[in-house]
Amino acid sequence: MKDLILLAEDVERLTGALGRLCEEAKGRAAFLVDPNGRLLADSGGAANLDTTSLASLVAGSMAATGSLAQILGERGFSGLFLEGARAHLYLAVVEGGAILVVVFDGGSSLGLVRFRVKRAIDEVGRILADFAVRDQSGKGPGPARAATELAEITDEEIDNLLSS
């Protein structure tokens, strides 16, 4: 997954998908994290959590899990469940390497969370694919658009800018 540049409406779409996941899975919070540990979007009770630390630790956990899979001869694991006394985490990889995280407690079950996450992975994957297509087309805020805009700058505009 390359670095995405997200606009406010992008985060809104992702937050909507995560909100539906939280509601349907009876989760406390849901997050989307990139493989580098950057929090892309969150929903639910995120205000009560250190999302920056959570995002970086989740990315590290999934990287370690990927290494464990290789040792066992697997291509990777589709999910990771962490069980605590009061709170639980379920981590799942979305197409492109983003990590979907659901925080839940005794008000839900692992089976329900896994079922709802499978559907949410499809939705979030489609949203991320839309962003990638947009960025590659030069219509989004990504590198292709920046290169297009730079190519359109004339020498006269540069002279005017530098002489101001």
Answer yes or no: is there a residue in the stretch 91-102 that is surrounded by 22 or more Cβ atoms within 10 Å (Cβ to Cβ), more than 18 Å from D34 (Cβ to Cβ) and not β-branched (V, I, T). no
Would you say L80 is modelled with pLDDT under 95 and within 21 Å of I5 (Cβ to Cβ)? no
Of all residues in the stretch 7-34 being in a loop (DSSP other than H, G, I, E, B) and surrounded by fewer than 18 Cβ atoms within 10 Å (Cβ to Cβ), which is modelled with the lowest pLDDT? L7
Would you mind finding the one in L91, L162, L112, L150 that is modelled with pLDDT of 95 or more and either of a type in the set (D, E, K, R) or farther than 19 Å from D42 by Cβ (or both)? L112
Could you tell me whether any residue of the stretch 63-75 is surrounded by fewer than 16 Cβ atoms within 10 Å (Cβ to Cβ) and touching a helix residue (DSSP H, G or I) at 6+ places or on another chain (Cβ under 6 Å)? no
Look at the stretch 35-67 and say how many of its residues are touching a strand residue (DSSP E or B) at 6+ places or on another chain (Cβ under 8 Å), among the aliphatic types (A, V, I, L, M) and at pLDDT 90 or above. 8
Filtering the stretch 35-62 down to residues that are surrounded by fewer than 20 Cβ atoms within 10 Å (Cβ to Cβ) and not in a helix (DSSP H, G or I) yields P35, N36, G37, R38, L39, G45, L49, D50
It is to be established whether one or more residues within the stretch 132-141 are of a type outside the set (V, I, T), at pLDDT 75 or above and part of a helix (DSSP H, G or I). yes
Among the listed residues A25, A55, A29, A41, identify the single one that is under 16 Å from I127 (Cα atoms), of a type in the set (G, A, S) and in contact with a Phe, Trp or Tyr (Cβ under 9 Å, 6 or more places away or on another chain). A41
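The values are calculated or read from the model by the stated rules, or taken from the named source; none is laboratory data. Values in this document were obtained by computation on a predicted structure and should not be read as measured data. A quick note on method: Cβ atoms are made from the backbone with ideal geometry, for glycine too, and the neighbour counts reach across all protein chains shown.
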